[in-house]
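What follows is a set of notes on a single structure, which appears directly below.
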Amino acid sequence: MNYLNLFRGGKLRKKIMDLKKDLSPCKLCPRECGARRLKGERGECGAGAYAEIAAAFPHFGEEPPLVGKGGSGTIFFSFCNLRCVFCQNYTISRGKEKIEIKPRTLAQKMISLQNAGCVNINLVTPTHYVPQFLEALWQACNMGLKLPLVYNCSGYEKLDTLRKLEGIIDIYLPDIKYADSQSARKYSGIDDYPQVAKSALKEMHRQVGDLVLNDEGVAVRGLLIRHLVLPEGLAGTAELMQFIANEISPTSWINIMDQYHPTYLAKRYPEINRRITPEEFQNALKAAREASPGFHLL
Ligand code: SF4
């Protein structure tokens with residue numbers, strides 16, 4: 001794993017110090033809300049000084065290349081910098097489930113997941129805790145961690161923070177949620193999602209390239225993109241598939257997801273207060289195949 005080279009060469013410590021400068025006042029994510037997190041304030045995302053998590057366990061429900069035989073060592077971080085009205089994990093993203101965790105304990109959790117046979121460490125929504133998980137990573141390296149790191153996020157990522165993660169993250173697992181800012185504003189409370197996420201995905205691909213699997217079919221490096229199909233074509237699937245084909249890679253790995261269901265606040269929006277139809281899902285797959293026959297669709 002690349003992060004081991006940085007750790008051994010002393011550069012991981014330097015990156016941690018660098019990223020800690022962005023923690024308080026906080027400018028880790030594109031919101032740049034400026035919360036003085038080390039002085040007790042919580043940011044617009046809800047995050048405070050220490051990392052808070054909802055759960056950590058071997059997860060067998062992720063995409064097959066992330067699961068292998070031993071599962072994906074998944075750590076669910078509490079809070080999120082988006083406000084999706086249909087959030088499928090809203091108790092976690094809104095911080096109703098949270099346990100404060102110090103770096104040493106988080107490092108021990110990573111080692112426990114490795115000892116349990118997991119094939120990677122899967123950091124779910126880590127954006128607002130980047131300095132904290134790097135501090136834990138440094139301690140985990142001292143304890144013998146050697147699994148690939150998966151950065152599993154909403155796609156609403158700040159370029160500068162991503163650039164500082166170069167050489168640390170092995171696998172990027174971002175969503176690409178919307179093609180237009182109107183939907184992004186209405187359903188996730190943010191205007192600039194499309195341009196921010198597109199730039200973020202380009203940077204992720206620049207760092208790690210297309211997904212690479214080992215002989216056992218387990219992902220070891222690269223970009224795997226998730227796209228949740230919304231009712232009424234509101235995610236802009238066809239436009240996003242064209243973007244991925246033309247500006248990321250025509251051989252990208254993409255999980256086009258059909259599991260949308262109205263939850264959390266979605267009932268307030270009649271147009272998304274239903275599951276997608278089989279036809280809507282087939283249309284999404286067709287749009288992806290038309291954008292690039294070389295896509296690896298999961
Ligand atoms: S990560 Fe949270 S606290 Fe930091 S800028 Fe973004 S919203 Fe604010």
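The values are calculated or read from the model by the stated rules, or taken from the named source; none is laboratory data. Note that the coordinates shown come from a computational prediction; the quantities given were computed from them, not determined experimentally. Positions of Cβ are generated from backbone atoms using ideal geometry, with glycine treated the same way; all protein chains shown enter the neighbour counts. Areas reflect the complete protein model, heavy atoms only, side chains present, ligands, DNA and RNA absent. Shrake-Rupley method; radii C 1.70, N 1.55, O 1.52, S 1.80 Å.
Details
- With kT/(6 pi eta Rh) evaluated at 20 °C and eta = 1.002 mPa s, and Rh the Kirkwood radius from Cα pairs, segment 60-153 diffuses with a coefficient of 155 µm²/s according to Stokes-Einstein.
- Cα convex hull, segment 21-67: 119 Å³ per residue, rounded to a whole number.
- Left without a cysteine partner by the 4.7 Å Cβ rule in the chain: C26, C29, C33, C45, C80, C118, C141, C153.
- The chain: relative contact order as a whole-number percent, Cα under 8 Å and 6+ apart: 16 percent
- 10 Å Cβ shell holding at most 14 others, DSSP loop, trypsin sites (Lys or Arg not before Pro): longest site-free stretch of the chain: 147-273
- 222 nm mean residue ellipticity, helices alone, for the chain (DSSP H n ≥ 4; -39,500 (n - 2.57); rounded to 500): -10000 deg cm²/dmol
- If both residues of a DSSP beta bridge must be in segment 172-298, then about 15% of such bridges are antiparallel.
- Shape metrics for segment 231-287, restricted to C-alpha atoms - Rg then Dmax, Å: 13.0, 38
- Set of segment 55-84 residues, backbone N closer than 14 Å to the point 7 Å along the Cα-Cβ line of L265: 80-84
- Per-pair calculated FRET efficiency, R0 = 25 Å: L298 and T105 via Cβ, rounded to 0.05: 0.15
- When restricted to Cα atoms, segment 139-297 yields an Rg and a Dmax of 16.5, 52 Å, respectively.
- Of all DSSP beta bridges in segment 50-297, antiparallel share, percent nearest 5: 30 percent
- For the pair L213 and D191, label points projected 7 Å from Cα toward Cβ lie 4.3 nm apart.
- Separation of alpha-carbon centers, segment 88-124 and segment 31-73, rounded to whole Å: 7 Å
- The chain: Cα Rg divided by the 2.2 N^0.38 Å rule of thumb: 0.96
- Rolling a 1.4 angstrom probe over segment 50-297 with all protein chains present gives an accessible area of which 49% lies on carbon and sulfur atoms.
- Surface exposure of the chain, expressed per residue as accessible area with a 1.4 Å probe, stands at 42 Å².
- Distance between the C-alpha centres of segment 228-298 and segment 164-206: 15 Å, rounded to the whole angstrom.
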